[in-house]
1. Compare each residue of the stretch A:117-150 in its chain alone against the assembly with all protein chains, and report those whose accessible area goes down by 10 Å² or more; 1.4 Å probe, heavy atoms.
2. Rounded to the nearest 0.05, what FRET efficiency is calculated for B:T248 and B:T275 with R0 set to 35 Å and r the Cβ-Cβ distance?
3. What is the sum of charges around B:H449, taking Lys and Arg as +1, Asp and Glu as -1, for the other residues whose C-beta is under 13 Å from the C-beta of B:H449?
4. For the pair A:R164 and B:E362, how long in nm is the line joining their label points, each one 7 Å along Cα→Cβ?
5. Just to verify a number: FRET efficiency for A:Q33 and B:Q482, C-beta to C-beta distance, R0 = 45 Å, to 0.05?
6. Note down the relative contact order for the stretch B:469-573 as a percent, whole number, built from C-alpha pairs under 8 angstrom at least six residues apart.
7. Any idea how far apart A:N129 and B:Q14 come out in nm if each label point goes 7 Å out from Cα toward Cβ?
8. From a point 7 Å beyond the Cα of A:T211 in the direction of its Cβ, which residues of the stretch B:527-552 have a backbone N at a distance under 17 Å?
Amino acid sequence: QDNRISLWSADDLGNVGLNGECHGEPHLLCDIQHNGDVMDMQFLDQERIVVASSTGTVTIFRHHQNNQTLSANHRWERAHYHVDQDTSCGGAACTGVVCNNPEIVTVGEDGRINLFRADQKDAVRTIDNADSSTLHAVTFLRTTEILTVNSIGQLKIWDLRQQRNEPSQIFSLAGDRVPLHCVDRHPNQQHIVATGGQDGMLSIWDIRQGTMPVSLLNAHEAEMWEVHFHPSNPDHLFTCSEDGSLWHWDASTNRSEKPSFLHQGGRSTTYLSHNTINQSVVSAWLSNDPTKDRMEITNLIPNQTLSVNSLDVLGPCLVYGTDAEAIYVNRQLFA
Amino acid sequence: PTQVVPGADPSARQLCFAWGPAEVLVCETRFGRAGGSRSRSPSRSQSRSPSRSQSRSRALTGSVTDTGEGAPGSSRVFLVRRDQDIYIQTLRKLFNESHGIFMGLQRSEDELAGKSRKAQLVQVSKNYRSVIRACMEDMHQAAVSTRDPALQGQYSTQVSILSAMELIWNLCEILFVEAAAAGPLLLRLLDWVRLHVCDVDSMVREVLSSENPSKHKLFWNVVDVFVLQGRMDEARHLLSKEVTANPTSMNMYKILDDLMKKMPMPSLGNTQTLTELELKWQHWHEECQRFLQDGTFASNPHMESICKILVGDEDAILEKKELMTTWYHFLVTRLLYSHPTVKPMELRFYAQSSMDLFLGGESSPEPLDMILMAAFEFEMHQVIKECSIVLSNWWFVAHLTDLLDHCKLLQSHNLYFGSNMREFLLLEYASGLFSHHSLWQLGVDYFDHCPEFGRVYLELHIERIPLNTEQKALKVLRICEQRQMHEQVRSVCKIMAMKALRNNRLGSALSWSIRAKDAAFATLISDRFLKDYCERGCFSDLDLIDNLGPSMLLSDRLTFLGKYREFHRLYGEKRFPEAARLLLTLMTAHIAPCSFWMTLLTDALPLLEQKEIIFSAEQTYELMRCLEDLTAGNADKQKFQEDDVETTKVEMLRLALARNLARVIVKEGTVEGS
């Protein structure tokens, strides 16, 4: 198997075509061999990337910008492992990694949570058997709290300051315990969390109240692999799935701002009052009936064939990768 | 493709085989020769010795990994892997992109008819070709940038193979997909030649970029090239340079230029009918001949030879063999200057004679030549057959045949094992893909579009994909579920659940058995939990058992586990009456397995001993009955069991039950003071 970590440059130079597509193709800057499948990765800072491997190893790669090379900076072997030596040399896949420089949290198929610091050789903290099933994804809730999702459909909050190896809170869906595959937290409102399930369902949770999700949105026809709030435009949510589609969920309520003469007294004033109170604008995600609030959902992929495994979004750029071994870059997301 | 395993000689040693999912193990034995016992080759580090001769005439497809030294008497094990091509990094783009095009073609259906359908199919063909060209580019880049000479050789060979594939495909597109009619046919063939005979390109560039082209020694060669390829405008342009340098030939030049300008060519639009063209051409041809016979160009041999070419003089054209480099170039030039309105069906005669004349008995035709010849003869099946033999991978023939099938050109030529040619080739190609650790996903779609055997092949192949991570297993499962392959779903879930169980990930194991709705496995897992409880006295993985939800109903044992845990919880919360009721239900409703009844009754003890009365009379009678059922059953077995603990327990239970009964009768009999 020849797996590689590659760094690409998606230039801004590129002519803009008729549909606003950019024609400059991304080109490869540098790459490096990687042992095992890349299950997850994230930038730690401007130069370092943390990569989770299917062999259970977590590696930090450093990008040297002067000569455009990648090198392995630090490696935690056996960050995740099964006790039984029979199965693949005891290594269990590390399924998720999240960084908050200098802290790195990883979770894996062995149900273990590791807390690493970028400069320290050993793990700062390890919670063995944190979960009896596979942990699929992890994200930071606050600087000292993390959220994990597992394959029996539970969303758990862990407080890393506390020494006990128990989650501080457990949320789960009613009904079937459908495995949850991805989780993301609203960038500004820390109580709003989105998760994606094996049945393609998108769930929005308010972790201040209750143990059940606020809304369940029937989205994809197969596993939802990743869900991301847009970091600067959190009214926009992106999900990608095994069924080959990538959906853009637009819950922004201030689209039709122009007051029409017919609705002088009615709608426009309601809008004004909405906009003055900062909170209400964001509550679009928490409203009980998203359809009432005109959430716009678009599939960004015209001819879908194979699964979209991963996506990321920053500013006006969206990048996603498919099982057809292709990477797509969209540089004009909100055009 | 045939496979020759170099070094394995059946006459020297008896060989034995073992089939794997993607490879074949060939092992030398001493069995049957002097000696008798089969020698086993110890596993040593494998050295990869790629042995593929890549010339077009012989195709060798296995990569042989040699284990062990060749010391006399020792045996070797060969690892023969089919379809080595899929592991070439630069070809992956080819497989992925063509998969996309293939899917687009299958989905396009026959919505359109006639011309628009044909245009659609031609576009598909062009897409395939552009993918091949893109791959060629990448391969070429790789060849140029690598420093390893062996690798470079490999890449260069791949480039020439791809170029040959594109050549053949292009011709098939012209003759079969587009089915160009007389007139446009020649134009297409001219384009084809111009695109693919590029050995002369560097020479052309050299002359054109020199300061004084007409003084260049290769000047006339380039002019000839242009004329041979029917590039009249470019030829005239160059000639004009010559005449400005050499004004004496002005007269001759003017005539020649005029002839070249007036040459009638077929057009793509419907501006002229075939008969019109023929008449014009005939007229022009006679004019050229007249000038030639008059000796107009006698003083300038170059111009004379050009005029001879214009007239279609075969010998004159043949003289320029080096500039044409291939017999099919010769064929097209010949047609251009002797029969531009050639009909598709007439091509075969010209093709055969062209090849004979060109090769002239000096060299024999190569496989590529035979394939092109078969195409000119409109023998599609022959083309496919020859390509299958020569090429080392099914990619080309599978996609081409599929396209031709969509053009409704292949009669359903039933092969003796039931499927037609298109399906056979697609099955072979897709099977090859399945041996790759990640390209197998493409293979799934190909199997989907093989109506007869696709499903069966898919069922067999998909079970053999190694499931190293859960994510991969999930993808496999999704594929199986979408196609209602329930057997395979169960099988994959069982494998993953067993793995999880062995790694003590009980939650994962449960989640897999829920996915497969596998009640038996859920029972197994519950038994594991209960066993753990009995051994340790407490539950492991409470987060799982406490949150089972509706999945509890998957199996009785699982339900019992959930309810039993609930009992413990109620007890812990001191909700004794409810706990008592639950405990009793567990036994009377037969949710609890018989083996567990003793434990349950023992759990009832503290409840019986509480200060306040928890069990009612009814309930106490029930409990007593359960105890009797239990002991009655065990009476025979435990005759000579001096198990004191057991008998003590039973005694204690009987005592507690009796006492409780006494108290409760009194309590229930007492009239409540109002």
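1. A:N129, A:S132, A:S133, A:T134, A:H136
2. Working: r = 42 Å, r/R0 = 1.19.
Efficiency, rounded to the nearest 0.05: 0.25.
3. Values: positive: B:R107, B:R422, B:R455, B:R483; negative: B:E109, B:D402, B:D405, B:E423, B:D445, B:D448, B:E452.
Around B:H449, the charge tally is -3.
4. 9.3 nm
5. About 0.85, to the nearest 0.05.
6. Relative CO of the stretch B:469-573 lands at 19 percent.
7. Once both label points are built, they end up 5.5 nm from each other.
8. B:541-552
The values are calculated or read from the model by the stated rules, or taken from the named source; none is laboratory data. Here the structure is a predicted model, which means the values were calculated and not measured. Backbone-built Cβ (ideal geometry, glycine too); neighbour counts: all protein chains shown. What goes into the accessible areas is simple: the full protein's heavy atoms, side chains included, and nothing from ligands, DNA or RNA. Shrake-Rupley method; radii C 1.70, N 1.55, O 1.52, S 1.80 Å.
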